[in-house]
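Written below as structure tokens is the structure these notes are about.
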Amino acid sequence: MTSTTIGAPTDAAPAPASPAAKSKRSGGHLGSYLLVRFLLIFPTIFILVTTVFVLMRATGDPITASLGGRLTREQLDERIAEAGYDRPILVQYLEYLGNIFRGDFGTTISDNRPVTEVVMTYGAATLELAFYALLVALLVGIPLGRIAAARRDKGVDASLRISGILAYATPVFFAGILLKLIFSVWLGWLPVAGRASTDAQIELQRNGAETGIFLIDAISTGDPAVVLDVLEHAILPALALGLLTGGIFLRLVRTNVIGTLSTGYVEAARSRGVNERRLLRQHAWRPALVPIITVIGLQVALLLSGAVLTEKTFEWKGLGFQLVQYLLARDFVAVQGLVVLLAVVVALTNFVVDVIAALVDPRIRY
Amino acid sequence: MTNLPAPDATLLVAHAGPATPEHTSLWKRLPVVRHVRTSVGLQRTMLLIGIVLMLVFIVTAAFAPLLAPYGYAQLSSGDVNFGSQQPPSAQNLLGTTVGGYDVLSRTIWGARPAFLVIVVAVTLSIFAGVALGLVSGYFGGWVDRVLVVIADALFAFPSLLLAIVVAIVISGGQSSMWGGVMAAAISLSVVMIPQYFRVVRAEVVRVKAEAFVESARVIGSGHLRIMGRHVLRNSTRTLPLILTLNCSEAVLTLAGLGFLGFGIEPTAAADWGYDLSKSLSDVTSGIWWTAVPPGVAIVLTVLGLTLVGESLNDLADPRLRTRRAAKAAVPLSPVTAVPGGVATDRVPGVESIDELEGPTDLFDERGDR
Amino acid sequence: MTNVVDITNLHVSFATDAGTVRAVEGVTLQVAAGEVLAIVGESGSGKTVTARSILGLLPETALSSGTVMLTRKDGSATHDIVTLRGSDLRDVRGRDAAMVFQEPSTALNPVFPVGWQIAEGLRAHRKLSDKDARTQAIDVLRLVGIPDPEHRVDHYPHQFSGGQKQRIVIAQALVLDPGLIIADEPTTALDVTVQAEILDLLRRLPQEFGSAIVLITHNMGVVADLADRVAVMFNGEIVEQADVRTLFSSPQHPYTQRLLDAVPRVGGRRLRDRVRVADELEAMVVDESATPVVEASDLRIVYPGRLRQPSFTAVDGVNLAIRPGEVLGLVGESGSGKTTIGRAIAGLTPISGGSLKVHGVEMLDVKERVFRPVRKRIGFVFQDPATSFNPLLTIAQCVAEPMVVHGLAPNPEEARPRVDELMEAVQLPKAFGDRFPHELSGGQRQRASLARALILGPELLIADEPTSALDVSVQARVLDLFARLQAELGFACLFISHDLAVVDLLAHRIAVLHRGVLVEEGTGDEVLGAPKHPYTQRLLASLPVPDPIEQAARRETWRNLRAHG
């Protein structure tokens, strides 16, 4: 946690412990770090849930917002009383917290389904999209970022950097529109939208569509045509979301590797004759990895925002697409439920990423 | 949060040199002007392109009525109806939308709400963020810890989702121009306040531990005096950088909201994101002119802002800055600002002991104990 | 005799924002096999640039001319480093000459085990199996005195102490068996007792491994301890070269003489005596019966731990008193708690137990409201001149700050006459008041800092390592000024330093701290002349003196102490 007291004077640094004492302590260090980090998830989720609740309920009740124009005042009041929105706000808040604690994120107004069920149905599609995009982003961002750092201020670096900035500056839905225009409409190589063609969907349905992750389901049908169809549909959305995220990764990798390339230990290794390639790939890369992993973890939030927009662009029927449908239907219970659930996902992912970073960093590990 | 090396490290690395004191003329001390003067090569080109794009954006927003051939909600010129989804022609240089509006005009008018959102959102968030960061970082304690956890939580939250929630609250969906602008601006400031808070707080915590602040404490200066005279002004050097990056984020989030249907009614103002969402179905039938112009407008605007922000970041970070002639050398002779260094010219002989104290030797930063 | 390095007419210049800067101008020197050559000089003298030229480790901005001929240990090859490029240069680096860096904590990669890092140098020069590499790493770790090397070889740098890290850095150089080791301020970042150990290790290298050493340092004690021959650099040129005894006994160049004169020595003539004689001042007599300005009894200061980390006791049961007009020198190594005590007296760090009275005010649980009037009577000089002034205010505004804060002047302008008076007292031109801190040198800033501390005429001054960031000649001037002002104004002073010799110059009494405990206290003659506590003895014996003959004798004492301790 960020230090909040004034930094203790240099003088007060504890004397280096003897080796024996050090190694004895080693186990507990990582353990306590992970414990503290784990416990931090709860206030984080609590804050997010509260923020969303307060914001959503600041102006009124969801029933009026959703059905305001369609029902009479009496009908509305009846529905409101039925759902319990006429009780004191604090009571509703505590009940809401209790429900979330039990895993109940509410029931949608428009189609009367539990939010958790909506997530079960559409979560797999979003997961699949996010996974493809992350894969593209890592495959693009890490190697190119390393090249840019190594060839710093040269032509390659300049063009890579500008591509990175361009990627950041392009909204994901505009990138999606451009990709569609070029590859689907003009060239006709790839499908315009959706997760699979109608025929393939039927094939998948017939086979049970167990996981909801179409690639896995397609492979289990054993029909290469279905697999191909599913992959073709995934290419453009994955590229749109992945390239833009990759641009951010590129910049992140470049900055951190440039930072470690100018450290004393890389200079020291150079002074012993280690070649530049190895300096880049080992000596500078590993120490840069810890902050890179941490910041990549924070991009999960960005990836989710991007996924919502990408799903709408490509009619990719995942959580984001569904969220937009509920938004248009003014079903704010569903929106609130989904947003809170996604926040929980982000908090958990950040925890996992911090654990990975800790495992990579021997200073925390030992 | 825990042990994180400032999670926003990519964008916010802050190793600026000593803050420029009030010696040189005000003009040369202005953040961006100062940066143009110290930059070279590619960095200078990037910075200048960014500044030009930013100016084009501001001019477009300011003079939209003069620049645009038609109004944003105009459906006809004279007696001639534009018609729906018409390709580019002499009458409509970039064609018309599905709703029958002139694409070029709407693209130009679209700079206005974007500009207003930036101004309102940044004004709202910067004061709140800086004030909170200053007080929280300076006093520390449990209030600080709680604020940090809240800021971290909000920071990790997908900003678009947060913006959607706030937009629902404020406008309940679509709205007039000012309604839409305020909804976007307020939702953005909810996202941005934690960012300003984090950055300013981190700087305050750093500055607070510096000897000159401790010295003020030893003297017996009151907290207000220390915060105002010593801490605040030394903690704001990264603000121009975050400001530009937040402006890009503001444009992107506004576009995202518009794209999801939280934009401004087409009759109330032109909104790039809204136009893009309407163009989605056009694209399938090969109509490009409704999608490309607003999209390019967003890209160029964000590009301009980001280029300025990136350059400021690089110039502020000695590790990333390209030096005039090359990379890393501490000037030995006519020195102006070497930390712990000197302001004397080269000494020809041993005249006084004080002159022997040359500036910091190359690589020779002795660990001072 | 063959030379390992033969530098002829080396010039190095750098392209900078402000134009070309010449760092080294016409340096010519040789290092014979197995010899220890010390290059001494102050900041900016070009000593580090010269040394780095031997490995071609200069930034791309550097432009070199002249020749640097480096000969392989077995004499099989000689290269001119100035013209060498790419893989040829890499081939030479580490094998013909290897470098030991100043700061061991930054010279070691935090995410790799030390054994792997040692092996990296080997792998760069020849193919070898992982097992061989590991064996060699273990061997060399044992050679440099890391206990239990078979086990420790897999540890990461943060698991070693500062001195051990520097041993590992030396091992990294040694494992390549180079003919020359370039040691750039190898002990500057270390405490004096650790420094003695590292110097002892370095001294063994020429005899046991036949490596010559180029030692870059600003510390004349280290030179006297280790060097065979000395080259003195000033402004990019070598002004004098001589063997170590000749240089110390009869320095020729005025710069060398001045440099040696500026080095503080334990048991040398005390500055306060010198000052008194020069200025014909009355001898200050410290009134033993007067009420102390500062009185600590059983003082404890604990930094609370957080989240399962134990709390840290920085100061543990310290008793001390400073009487009016008395200079108390507080000596200790890093982690001894000396700075903490200074900060507690100034009200910057709360105390946890015992009693601390400052101007009669009890500091335990003191309220700022109660302590605030007392602050007027305390001055504080900070260690780092780079950060002790607000960079956005002029020097005069900074110096006037105490007057404005305590209502003695409505604004800095009104305080200016008094500021000018003080500037004069610390021998700075009045016009400097209008400058900004970064426009002053470190020494000048430290003097301005003194002016700020003294502007309210305090009865107590706390000086926390005020000269440790300064070059030795600048330090001499600041210390001299300090002694003069103390004699004139008669304030009591707590002078905190890690340097026994500096403290000895100024202090009436010396207190030695070790891990938060006060182990010994007395006059300079008592504590440094006949130390009683083993730690003080060890500390004193570890301190290298700037005299090769005397240092050789002290080295024996140190060895004996170590053998018996």
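In order along region A:132-138, the phi-based Karplus estimate (6.51 cos²θ - 1.76 cosθ + 1.60, θ = phi - 60°) of 3J(HN,Hα) comes to 4, 5, 4, 4, 4, 4, 5 Hz; Gly and Pro are listed as x.
Peptide C:185-195 is shielded by partner chain Cβ atoms: per residue, an average of 2 of them sit within 10 Å of its Cβ. If you sort B:HIS223, C:HIS564, C:HIS125 by accessible surface, 1.4 Å probe, largest first, the order is C:HIS564, B:HIS223, C:HIS125. Stretching the chain fully between A:GLU82 and A:LYS154 yields a gain of 19.2 nm (0.36 nm per residue, less the alpha carbon separation).
The relative contact order of region B:108-321 comes to 26 percent, based on Cα pairs under 8 Å that sit 6 or more residues apart. What accessible surface, in Å², does a 1.4 Å probe find on B:MET182, ignoring ligands, DNA and RNA and rounding to the nearest 10? For B:MET182, solvent-accessible area is about 70 Å².
Solvent-accessible area lost on pairing A with B (1.4 Å probe, both sides summed) amounts to about 6500 Å². Toward the positive end of the charge dipole of region A:145-205, about the Cα centre and with charges on Cβ (Lys, Arg +1; Asp, Glu -1), which of A:LEU178, A:ALA150, A:THR198 goes farthest? Most positive-ward Cα: A:ALA150. For C:ILE182, the residues whose modelled amide H falls within less than 5 Å of its own, excluding neighbours fewer than 5 places apart on the same chain, are C:ALA98, C:MET99, C:VAL100, C:VAL214. Distance from the Cα centroid of region C:29-43 to that of region A:266-314 is 42 Å (rounded to whole angstrom). The charge dipole of the protein assembly as shown, taken about its Cα centre with unit charges on the Cβ of Lys, Arg, Asp and Glu (plus for the first two, minus for the last two), comes to roughly 560 debye. Let me know the shape class of region A:220-315, please: from the alpha-carbon gyration tensor, a ≥ b ≥ c as square roots of the eigenvalues, rounded when a/c is under 1.5, otherwise prolate if a/b is greater than b/c, or oblate. Judged from the Cα gyration tensor, region A:220-315 comes out prolate (a/c at least 1.5, a/b above b/c). If R0 equals 45 Å, the separation of the Cβ atoms of B:LEU66 and A:ASP111 corresponds to a calculated FRET efficiency of about 0.35. Phi angles across region C:408-420 convert, under the Karplus curve 6.51 cos²θ - 1.76 cosθ + 1.60 with θ = phi - 60°, into 3J(HN,Hα) values of 8, 8, x, 7, x, 5, 5, 7, 4, x, 5, 4, 4 Hz, Gly and Pro given as x. Between A:THR198 and A:GLN75, the contour length at 0.36 nm per residue exceeds the alpha carbon distance by 40.2 nm. Structural descriptor for chain C: relative contact order 15 percent, calculated from alpha carbon pairs under 8 angstrom and at least 6 residues apart. Relative to the current alpha-carbon distance between A:THR121 and A:ILE356, full extension at 0.36 nm per residue lengthens the span by 81.7 nm.
Approximating the spin labels as points 7 Å out from Cα along Cα→Cβ, the C:ASN411-to-B:VAL296 distance works out to 5.6 nm. Using the Cβ-Cβ distance between C:ALA553 and B:THR123 with R0 = 60 Å, the FRET efficiency computed as 1/(1 + (r/R0)^6) comes to roughly 0.25.
Taking every residue in C:474-482 and counting other chain Cβ atoms within 10 Å of its Cβ, the average works out to 2. For a paramagnetic label modelled on B:THR45 (point 7 Å from Cα along Cα→Cβ), amide N atoms under 20 Å away belong, within region A:151-170, to A:151-169. Which of C:ALA492, C:LEU330, C:VAL12 sits farthest toward the positive end of the charge dipole of chain C, with +1 on the Cβ of Lys and Arg and -1 on the Cβ of Asp and Glu? The Cα lying farthest towards the positive end belongs to C:LEU330.
Here the Karplus curve 6.51 cos²θ - 1.76 cosθ + 1.60, taken at θ = phi - 60°, turns the phi angles of region C:529-536 into couplings of x, 9, x, 9, 6, x, 5, 4 Hz, with x standing for Gly and Pro.
Taking label positions 7 Å along the Cα-Cβ direction at both A:VAL91 and C:THR28, the computed distance is 10.0 nm, reported to one decimal. Think of a 1.4 Å ball rolled over the protein heavy atoms: region A:118-328 then has 37 Å² of accessible area per residue. Around the amide H of C:ALA321, modelled in the peptide plane, lie the amide H atoms of C:ALA296, all under 5 Å away and 5 or more residues distant in sequence or on another chain.
Measuring nothing but alpha carbons in chain C and taking Rh as the Kirkwood radius, the Rg to Rh ratio lands at 1.00. Determine the alpha carbon to alpha carbon distance for each of A:LYS180/A:LYS312; C:LYS47/C:LYS338; A:LYS317/B:LYS278; A:LYS180/B:LYS278 and list only those over 21 Å. Where the Cα-Cα span goes over 21 Å, the pairs concerned are C:LYS47/C:LYS338. A dipole drawn for the protein assembly as shown from +1 and -1 charges on Cβ atoms has a positive end, and of C:LEU540, C:ILE395, C:VAL21 the residue lying farthest that way is C:VAL21. When the P(r) is computed for the protein assembly as shown, the part past 52 Å accounts for 34% of the Cα-Cα pairs. For C:GLY66, the residues whose modelled amide H falls within less than 5 Å of its own, excluding neighbours fewer than 5 places apart on the same chain, are C:HIS11. Quick check on region C:431-535: take the gyration tensor over C-alpha atoms, sort the square-rooted eigenvalues as a ≥ b ≥ c, and tell me if it's rounded (a/c under 1.5), prolate or oblate. Cα axes put region C:431-535 in the prolate bin.
For region B:89-157 and region B:188-248, compute the distance between their C-alpha centroids and round to whole Å. Comparing the Cα centres of region B:89-157 and region B:188-248, I get a distance of 22 Å.
Normalising the average separation of contacting C-alpha pairs (under 8 angstrom, six or more residues apart) by the number of residues puts the relative contact order of region A:118-328 at 36 percent. The longest part of chain A holding none of the exposed loop GluC sites (Glu not before Pro), meaning those outside H, G, I, E and B in DSSP with at most 15 other Cβ atoms within 10 Å, is A:1-209.
Only the Cβ atoms of Lys and Arg (+1) and of Asp and Glu (-1) were treated as charged; on that basis the dipole of region C:98-177 about its Cα centre amounts to roughly 100 debye. Here B:GLN74 and A:ARG281 are evaluated by their C-beta separation; at R0 = 51 Å the FRET efficiency comes out at 0.30. Computed over protein heavy atoms with a 1.4 Å probe, the accessible surface of region C:391-451 works out to 34 Å² per residue.
The values are calculated or read from the model by the stated rules, or taken from the named source; none is laboratory data. The structure displayed is predicted, hence computed values, not measured ones. Cβ atoms come from the backbone with ideal geometry, glycine included; neighbour counts cover every protein chain shown. Just so you know, the surface numbers come from the protein's heavy atoms only, side chains and all, with ligands and any DNA or RNA stripped out. Shrake-Rupley method; radii C 1.70, N 1.55, O 1.52, S 1.80 Å.
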